[in-house]
1. Quick one: GLN20 ticks every box in (1) under 17 Å from ILE4 (Cβ atoms); (2) in contact with a helix residue (DSSP H, G or I) (Cβ under 6 Å, 6 or more places away or on another chain) bar one, so which box is it?
2. Scan THR28, THR16, THR67, THR84 and give me the residue that is without any contact (Cβ under 8 Å) to a residue 12 or more places away in the chain, surrounded by 11 or more Cβ atoms within 10 Å (Cβ to Cβ) and not small (Gly, Ala, Ser).
3. Can you confirm whether MET90 is touching a Phe, Trp or Tyr at 6+ places or on another chain (Cβ under 7 Å) and at pLDDT 90 or above?
Amino acid sequence: MITIKRLTLDQAESGTRLAQDVCNANGTCLLPQGTVLSYAVIASLKRREVDYVMVEVEEELTQERHTTLETIIRARVERQFSKTDTDPLMLKLRDLLLRYRLAELTHQSNPSAMAED
């Protein structure tokens, strides 16, 4: 599962992908989202007095975290459709959205499942 973390430049490593644009104090974009950091780029950002970067980090999704995320997804979908009551089309849409969100979660926790699809 890919998560976003805020790292100081001392914590950032070569090969890490930016999750957000890096901008200077004036708002000028120094590096776009998706850029893969190198040691030279990190040094350049330090010279430009950038304090931190937002990066993508691949983390294993534990069973406990999976269960927590599933509970959150179910609660959000229920809340989004809380006023639909008995409208059959809205109930069908709710079920489809819930299945879609839970399938996304399954693919995040088991990336090899995506290759099998």
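1. The number of the failed condition is (2).
2. THR84
3. yes
The values are calculated or read from the model by the stated rules, or taken from the named source; none is laboratory data. Computed from a predicted model, the values in this text were never measured in an experiment. Cβ: placed from backbone, ideal geometry, glycine included. Neighbour counts: every protein chain shown.
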